[in-house]
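Notes to accompany the following structure.
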Amino acid sequence: MIKKSILALSFTCALALANENGYFAGASFGYSLGTVSNDSVINNSESDKSTSGYNISIKGGYEWFYNSSISVKPYLEYTYSSYLNSGSFAKDLTMNIITLNADVSYYFTNDISVFAGLSLGEVFADTSGGYGSDTAFGWGLQAGWTYKILDYLELEGKYKWFDPGLGEKYTAGNTRKVQPDDSHLFSIGLNYKF
């Protein structure tokens, strides 16, 4: 009986120590999809322009394990997202996004996990068209997976839906309302655990 208890305790401790609390840093790149609304003020017609491009991001934070299967990751992330040919009034659109994020992860094994989370932060947008530049407070939701390659390195795939919160602007002699809408960011990257 005592041997079984010691064996069970040893196994539980080994699982608990397999995923440890700690700092992490990561980088990723990916594909961006977005929409820019371009509405006519004169005849109240609506026109949305789909646009695509790329994104690059870096992040740093802390992973805290509630138990051997569930963790919480608060982290700060910077994302540069560029969209080409975003319509005649937005043209090339770039967004610099700085967010505070919180993800909850579930580990199926010590090597494989899935996560979901929330993002809140500031957006700095710039276009080469009549929309010009703008800043706003945005928010988003993300989900993804991780796979541990080495004890200190993991591969991550992520999808993020993000509402940049950018306002409408009148262009073309106040005849059109232009507004960058939601973004869909697909990325793959690496996280280094300290």
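The values are calculated or read from the model by the stated rules, or taken from the named source; none is laboratory data. Model, not experiment: these values are computed from the prediction. All Cβ positions, glycine included, derive from the backbone under ideal geometry; neighbour counts span all protein chains shown. SASA here: full protein model, heavy atoms, side chains in, ligands and nucleic acids out. Shrake-Rupley method; radii C 1.70, N 1.55, O 1.52, S 1.80 Å.
Here is how the numbers come out for the structure above:
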quantity	calculated
Pairs, first more than 25 Å from Asn110 (Cα to Cα) in the stretch 71-94, second modelled with pLDDT under 65 and charged (D, E, K, R), C-beta under 7 Å, six or more apart	Phe89/Arg176
Residue in the stretch 155-194 that is modelled with the highest pLDDT, counting only those that are under 17 Å from the mean Cα position of the chain (by Cα) and acidic (Asp, Glu)	Glu156
Subset of the stretch 102-125 [of a type in the set (A, V, I, L, M) and open to solvent by 70 Å² or more (accessible area, probe 1.4 Å)]	Val104, Ile112, Leu118, Leu120
Matching residues in the stretch 33-67 - criterion: being modelled with pLDDT of 90 or more and among the hydroxyl-bearing types (Ser, Thr, Tyr)	Tyr54, Ser57, Tyr62, Tyr66
The stretch 137-151, residues that are hydrophobic (A, V, I, L, M, F, W, C) and surrounded by 15 or more Cβ atoms within 10 Å (Cβ to Cβ)	Trp139, Trp145
Among the candidates Leu141, Leu150, Leu155, Leu120, residue that is at negative phi and out of contact with any Leu (no Cβ under 9 Å at 6 or more places or on another chain)	Leu150
